[in-house]
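Scroll down for the structure; my scribbles are underneath it.
The values are calculated or read from the model by the stated rules, or taken from the named source; none is laboratory data. What you are looking at is a predicted structure, and each value in this text was computed from that prediction instead of being measured. A quick note on method: Cβ atoms are made from the backbone with ideal geometry, for glycine too, and the neighbour counts reach across all protein chains shown. In case anyone asks, the SASA skips ligands and DNA or RNA and just uses the protein heavy atoms, side chains included. Shrake-Rupley method; radii C 1.70, N 1.55, O 1.52, S 1.80 Å.
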Amino acid sequence: MIIKSGVYSMNKCIKLLAKKKLSITFLESASAGYLAYRFSQNKYSGDILYGGLVCYDMGVKENILKIKPEFIKKYTPESMEVTQEMVRKAKKMFYSDIYIACTGLLKRGGTETKEKPVGTFFYVISYKDELYSFRFLCRGKPREKLKKLARNINLSLIEILEGSRDKKNK
C-alpha cells in the first residue's frame with residue numbers, strides 16, 4: 001500500500017508506536033523542533049513522546065551533546081556522520097526506545113555544495129541498538145520540505161517497526 005498523505009503516515013506511525021508501547025526522542029537541527037511538535041499534536045503523544053532537543057546551533061551539538069568541534073568541522077554540521085553522532089550522544093542523556101536525529105540544509109547558508117545542495121537532509125533512526133541512516137533530497141519552500149521530511153521519517157520508522165527495512169550505514 002502506498003501512503004500518500006503525510007498526516008496519514010504520521011497517524012499510522014504514532015498509533016504503531018503506542019500499540020508497541022515505545023517511546024521516542026527527537027534530536028533536531030534543520031527541523032528545529034518541527035518533528036516533535038507534529039508528534040505532540042496526536043492524541044497518543046503522552047504515551048509515546050519522551051521529548052527532544054533542538055540543536056540548530058553548533059554550540060548545542062558541542063556543549064550539550066558533547067560532540068567534538070573537530071568532528072563537526074571534519075564532516076560538517078549537516079552530514080550523516082554528525083547525525084549519527086547526535087543519536088549516539090543522546091542515548092547517554094535520555095532514555096527512550098527510539099531516537100531520531102535530523103540534520104540538513106533547509107535553506108541557504110549552511111555547508112551546501114554541488115554534491116550536497118539545499119534540500120539535502122540526513123536522518124538517523126536508532127531502534128533496538130541498530131542505526132538506520134537515510135539521506136533525502138527534496139525541493140520546495142522550507143515548510144514544504146519539512147512536511148516531506150516528516151513524511152519520509154514516518155514512513156521509514158513504520159518500515160523499521162514492521163520489520164521491512166534493513167539497517168543502513170550501521
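So here's what we get for this one:
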item: Odd one out for Tyr56 among (1) open to solvent by less than 70 Å² (accessible area, probe 1.4 Å); (2) within 17 Å of the chain's Cα centre (by Cα); (3) within 18 Å of Thr103 (Cβ to Cβ); result: (1)
item: Every residue from the range 29-39 that is outside any helix (DSSP H, G or I) and buried (at least 23 other Cβ atoms within 10 Å of the Cβ); result: Ser29, Ala30, Ser31
item: Pair list, Cβ under 8 Å, 6 or more apart: the range 20-42 residue on the phi > 0 side of the Ramachandran plot, other residue open to solvent by 10 Å² or more (accessible area, probe 1.4 Å) and not in a loop (DSSP other than H, G, I, E, B); result: Lys21/Asp47; Ala32/Val54; Gly33/Gly52; Gly33/Val54
item: Subset tally (residues that are at pLDDT 95 or above, touching a helix residue (DSSP H, G or I) at 6+ places or on another chain (Cβ under 9 Å) and either on the phi > 0 side of the Ramachandran plot or assigned to a helix (DSSP H, G or I) (or both)) for the range 73-103; result: 7
